[in-house]
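A short write-up of the structure that comes next.
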Amino acid sequence: MLATERAPSVPPAPDGYEEPDRSEGKGHIHIQLDENPYSTIHTALNVFVFAGVKPGTHKVELELVHGDHTPLKAKVEKEVEFTVAEK
């Protein structure tokens, strides 16, 4: 499963970089698969691949957050549902 999303007005911090505060104009994306908190990915990349997603209906949630993982004042989030077909 391939997830792509980009917030054009807020350039992300370099991948793996966490700011100690809420610097304006920087942040990263939280990507979560099927409402599983253990699947949350913190990334500044435009593309992320979930491997081993089983057949069936799934949901990916994306949220743009500050470097300290808090949501932006005006939340930027999106949900996408998709189905993986049986082989």
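The values are calculated or read from the model by the stated rules, or taken from the named source; none is laboratory data. Quick caveat, the model's predicted, so the values are computed rather than measured. Note that we place each Cβ from the backbone using ideal geometry, even for glycine, and neighbour counts take in every protein chain shown.
For the range 45-87, the tally of residues that are under 25 Å from Gly27 (Cα atoms), touching a Ser or Thr at 6+ places or on another chain (Cβ under 8 Å) and among the polar types (S, T, N, Q) stands at 1. Scanning the range 34-55 for residues that are surrounded by 14 or more Cβ atoms within 10 Å (Cβ to Cβ), β-branched (Val, Ile, Thr) and not in a loop (DSSP other than H, G, I, E, B) yields Ile41, Thr43.
One residue stands out in the range 56-87 among those that are outside any strand (DSSP E or B) and out of contact with any strand residue (DSSP E or B) (no Cβ under 8 Å at 6 or more places or on another chain): the one that is surrounded by the fewest Cβ atoms within 10 Å (Cβ to Cβ), namely Lys87. Taking residues in the range 62-87 that are farther than 21 Å from Val49 by Cβ, and partners anywhere that are β-branched (Val, Ile, Thr), the pairs with Cβ atoms closer than 7 Å and at least 6 places apart or on different chains are Pro71/Val65; Leu72/Val65. Confirm whether Ile31 is modelled with pLDDT of 85 or more and among the aliphatic types (A, V, I, L, M). In short, yes.
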